[in-house]
Amino acid sequence: MAYTIEFEPVGRRGPGPEGGTLLDAARALGVDLASVCGGGGTCARCKVRVVAGAVTPVTAREAGLLAAAELAQGYRLACLAAPLGDCRVYVPPESLTALQRTQVEGLEVPARVRPAVSARVVRLAPPTLDDLRADDERLCAALPRGARLPDVEAARHATLVLRELGWQVRVTLRGREVVHVAAVDAPWLGLAVDMGTTKLAGYLVDLATGRTLAARGAMNPQIAYGEDIIARMMAANQGPDAARRMQALLTDAVGQLAAEACAATGARPAEIVDAVVVGNTAMHHLFLRLPVGPLMTAPYVPAVRAPVDVKARDVGLPLAPGANVHLLPNIAGYVGADHVAMLLATGMAEPAGSALAIDIGTNTEMCLAHEGRLTSLSCASGPAFEGAHISCGMRAAPGAIERVRIVDGRVEFKTIGDGPPVGLCGSGLLDAVAHLRYAGLLDRLGRLAGPGVRPAPEGGAAEFVIADEARSGGGRAITVTQHDIQELLLAKGAIRCGIDTLLQEAGITAGGLDRVIIAGAFGTYIDVENALAIGLLPAVAPDRVAQVGNAAGTGARLALVSRARRRQARDLALRVRYLELARAPRFARNLAAALTL
C-alpha cells in the first residue's frame with residue numbers, strides 16, 4: 001500500500017512507492033536526499049527526522065550510526081526506514097545534495113501564526129429594487145467597522161466574484177482594507193522570497209497554518225548583466241528604461257517561482273494574498289526601481305532603509321488583485337533586508353553568550369552579538385565560491401566535484417549526482433585546498449609545490465590534477481591551479497578579515513565565541529573542519545559551528561506569517577550598529593594576515 005509522505009521544508013508531498021523506504025519516496029518526489037552509499041545504509045548521509053506518522057522500528061545499523069539523542073528526537077536513516085502510514089518528515093540541510101541546498105533549504109523556526117492579513121467569511125443579501133447599495137457598501141457593512149474597499153483592482157474583482165459565488169465569500173483584509181474576495185474554500189496563500197545576487201528562493205505558505213506548501217529556486221536572471229552586484233547597478237543606472245528592464249528581470253523570475261510553487265499544490269498565483277521579499281540593499285533597490293547611483297559611490301547611502309509596503313501589481317507581480325508585498329528594512333548600503341531576515345531566523349536578537357553569524361555569498365554579511373550589542377559589516381568575498389574565475393570552476397550542478405580528499409597521495413572525490421566529473425564547485429575547491437595543505441603541497445602563503453604538482457600546459461603556473469582526462473566527463477583534466485588557490489585566498493581573506501575586525505572591535509578572541517552560525521548556500525555545504533583548517537572560520541571547536549542553510553528565506557517566511565516578527569525585524573534593523581570594514585583601524589593588517597593559510 002502506498003502512503004502519502006510530506007517532506008519539510010522543501011514543500012514536496014505525494015505518495016511513496018509501495019513497499020519502499022523514505023529514501024525511495026524522496027527520489028520519487030524529487031527531494032534530493034544525499035546518499036553517498038546509494039541507499040546501502042553505510043554513509044549515514046540520508047538522515048531525516050520523522051515529525052508525524054509511524055515508520056518501521058530502528059534497525060541495528062541505525063543504532064550504530066546515529067547518536068542516542070538523535071534517535072530520541074525521531075531521526076532516522078531514510079534508506080532504512082519505511083513508512084507504516086502517512087508521514088511528515090523534516091529534512092535537515094546537511095541531508096540534501098548540493099544542487100537543492102543551494103536554492104531553498106533552511107531552518108524551521110516556530111512562530112505564532114498571525115499574518116498581516118486576516119480572513120472573514122460573509123454571506124450577503126443580493127441587491128434588490130428595495131436595496132440599491134453598491135457592492136462596496138454591501139460588502140463592507142458585513143465586515144468589522146471601518147472596513148473599506150479603496151483598491152480599484154480589488155473592487156473590480158470583488159464585483160464579479162460576489163455574483164459568481166452567490167454572495168457567500170471569504171474576504172481577506174489587510175488591517176481595514178479589503179484586498180481580496182474569493183470562494184470560502186479557496187487556498188489562502190502567502191509568498192516569501194529571498195532574492196540573492198546569484199539565486200532566488202521562493203516559498204509558498206498556507207497563511208492559516210504557517211506551513212510551507214512548496215519551495216522553488218532559480219538562478220537570478222540579472223546574472224546576464226554581471227556576476228557582481230556593482231555591474232548590475234551600473235546597468236540599471238543607465239536610465240529609466242534600463243532600471244525597468246532590471247526590475248522586470250527580477251519580477252518575472254519571482255512570478256515564475258510563484259507559478260511553479262502554485263502548480264505543485266494545485267493553486268494559482270492569484271490566490272496569493274500577501275508576500276514578503278528580502279534581499280541585499282542593491283537587490284532591494286533594483287526590485288523597487290529605486291535609484292542605485294548613491295549605493296555605488298561613497299558614503300554608499302541607501303535611498304530607503306525603513307520597511308516598505310507596495311502593491312504587488314505595482315512591481316509587476318501577478319498575485320491577488322489587492323495583494324501587498326512587504327520588504328523588510330535595510331541596515332546600510334551593503335547590509336540589507338536579507339541580513340535582517342537572517343538575524344531574525346537565527347535568534348541573534350537575544351543570543352545566549354557571544355555569537356557570530358555569517359551569511360557567505362558573493363557579498364558576505366556578518367554580525368557579532370556580544371554583551372547585548374549587535375554589530376554588522378559586509379565584505380566583498382567575490383564569486384570564487386560559486387566557481388567563477390576558477391580554471392575548472394562551475395556552479396553546484398550535476399557533475400560538479402563537491403568533495404575532495406587526498407589520502408596517501410591518492411585523490412578521492414565525489415560529484416553532485418555521482419556522475420563523471422565535469423568541473424569543480426566551491427565546496428570542492430575548498431576541500432582541495434585544505435587537503436593540499438594537509439599533504440604538504442601548499443605552504444602558508446598558498447604556493448603549490450611538491451610530488452604530483454605539475455607545470456600547467458604551455459609553461460603556465462603550477463597545477464594539481466584532481467581528475468585526469470580518463471576520469472573526466474568532459475575529456476579534459478580537472479585541476480586546481482596556482483591562480484585558483486589565490487582566488488580562494490582572496491575570498492577567504494575578505495571574510496576572515498571581517499571576522500577578525502568584529503572580534504577586535506568587541507575586545508574578544510575567537511575563544512570567547514559560544515556559537516558560530518554559517519548561513520547561505522555555500523556556507524551550508526562546506527566541510528567545517530576544512531574551513532577551520534584553512535582559516536576561513538575563526539579557531540573554535542567544530543561542535544560550536546552550526547550550518548543553517550538559507551536563513552534569509554526562513555526569516556522571510558517568519559515575517560510572512562507573523563506580524564510580531566515584522567515588528568521584531570524593524571527593531572533589529574534599528575538596533576544593529578553598522579561597521580564600515582575599510583575604515584576599521586586594523587583593516588589593512590587584518591587583510592594581509594587573512595591572505596595566508
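Given the peptides 509-522, 214-227, 189-202, arrange them by the average over their residues of other C-beta atoms within 10 Å, most packed first.
189-202, 509-522, 214-227
Fewest to most neighbouring Cβ within 10 Å: what's the order for Cys79, Cys425?
Cys79, Cys425
For the chain, what is the calculated [θ] at 222 nm in deg cm²/dmol (nearest 500), taking -39500 (n - 2.57) for each run of four or more DSSP H residues and dividing by its residue count?
When only DSSP H runs of four or more count, the value is -9000 deg cm²/dmol.
Check the straight Cα-Cα distances from Lys414 and name the lysines below 29 Å, setting aside those fewer than 8 residues away within the same chain.
Reachable lysines: Lys47, Lys199, Lys492.
Between rounded, prolate and oblate, where does the range 122-252 land on the alpha carbon gyration tensor, with a ≥ b ≥ c its root eigenvalues, rounded for a/c under 1.5, else prolate if a/b exceeds b/c?
prolate
Could you pull out the GluC sites (Glu not before Pro) across the range 1-72 that fall in loop regions by DSSP (anything but H, G, I, E, B) with no more than 14 other Cβ atoms inside 10 Å?
When the GluC sites (Glu not before Pro) of the range 1-72 are filtered for loop state and at most 14 Cβ neighbours within 10 Å, Glu18 remain.
Can you pull the semi-axes for the range 191-263, root of five times each eigenvalue of the Cα gyration tensor, sorted largest first, whole Å?
28, 11, 9
Could you sort 465-471, 84-90 so that the peptide with the highest average Cβ count within 10 Å comes first and the rest follow in order?
Going from most to least packed, we get 84-90, 465-471.
How big is the shadow of the Cα convex hull of the range 117-182, averaged over all directions, in nm²?
If you wrap the Cα atoms of the range 117-182 in a convex hull and average its projections, you get 4.0 nm².
Could you list Val335, Val453, Val422 so that the one with the fewest beta carbons within 10 Å of its beta carbon is first and the one with the most is last?
Val453, Val422, Val335
Placing unit charges on C-beta atoms (Lys and Arg positive, Asp and Glu negative, everything else neutral), compute the dipole magnitude of the chain about its Cα centre in debye, rounded to 20.
Here the size comes out at about 1080 debye.
Could you give the C-alpha radius of gyration of the range 348-597 expressed as a fraction of 2.2 N^0.38 Å, taking N as the number of residues it contains?
Normalised Rg, Cα atoms only: 1.07.
Could you list Tyr334, Tyr525 in order of exposure, starting from the residue whose Cβ has the fewest other Cβ atoms within 10 Å?
Ranked by crowding around the Cβ, least crowded first: Tyr334, Tyr525.
Kindly state, as a whole number, the per residue volume in cubic angstrom of the convex hull around the alpha carbon atoms of the range 1-58.
92 Å³
Note the per residue figure in Å³ for the convex hull of the C-alpha positions in the range 4-96.
Once divided by residue count, the hull of the range 4-96 is 83 Å³.
Find the percent of Cα-Cα distances in the range 372-461 that exceed 23 Å, and round it to a whole number.
Above the 23 Å cut-off, the range 372-461 has 34 percent of its Cα pairs.
Calculate the spin-label point distance for Ala470 paired with Ala141, positioning each point 7 Å from the Cα along the beta-carbon direction, and give it in nanometres.
Between Ala141 and Ala470, the simple spin-label model gives 8.7 nm.
Mind jotting down the distance between the C-alpha centroids of the range 416-494 and the range 300-377, whole Å?
Between the Cα centre of the range 300-377 and that of the range 416-494, the gap is 36 Å.
Rg/Rh for the range 210-328: what does it come to with C-alpha atoms and Rh from Kirkwood?
The Rg/Rh ratio comes out at 0.99.
Give the long-range amide H neighbours of Leu207: residues separated by 5 or more places, or on another chain, with amide H under 5 Å away, using H modelled in the peptide plane at 1.01 Å from N.
HN-HN under 5 Å from Leu207: Trp188, Leu189, Gly190.
Mind listing the phi-derived Karplus ³J(HN,Hα) values for the range 567-580, rounded to whole Hz, using 6.51, -1.76 and 1.60 with θ = phi - 60°, and x for any glycine or proline?
Once θ is set to phi - 60°, the couplings for the range 567-580 become 5, 5, 4, 4, 5, 4, 4, 6, 7, 5, 8, 8, 10, 7 Hz.
Given all pairs of different Cα atoms, what value in angstroms does the Kirkwood hydrodynamic radius of the chain take?
25.5 Å
Beyond 23 Å, what share of the Cα-Cα pairs of the range 456-597 remains, rounded to the nearest whole percent?
Across the range 456-597, Cα pairs with separations above 23 Å total 54 percent.
So how tilted is helix 152-164 from the main axis of the chain? Cα-based, degrees 0 to 90, rounded to 10.
60 degrees
Against the globular-protein guess of 2.2 N^0.38 Å, express the Cα radius of gyration of the range 351-425 as a ratio, rounded to two decimals.
1.54
Averaging over every viewing direction, what projected area does the convex hull of the Cα atoms of the range 222-288 cover, in nm²?
5.1 nm²
From the gyration tensor of the Cα coordinates in the range 382-526, what semi-axes in whole Å does the equivalent ellipsoid have, largest first, with each one equal to sqrt(5λ)?
The three semi-axes for the range 382-526 are 28, 18, 14 Å.
Relative contact order (percent) for the chain, with alpha-carbon contacts under 8 angstrom and 6 or more residues of separation?
13 percent
Taken together, the values in this text are just the output of simple stated rules run on the coordinates, not laboratory data. Please read these numbers as outputs of a predicted model, since none were measured by experiment. For neighbour counting, all protein chains shown are included, and Cβ atoms are generated from backbone atoms with ideal geometry for every residue, glycine included.
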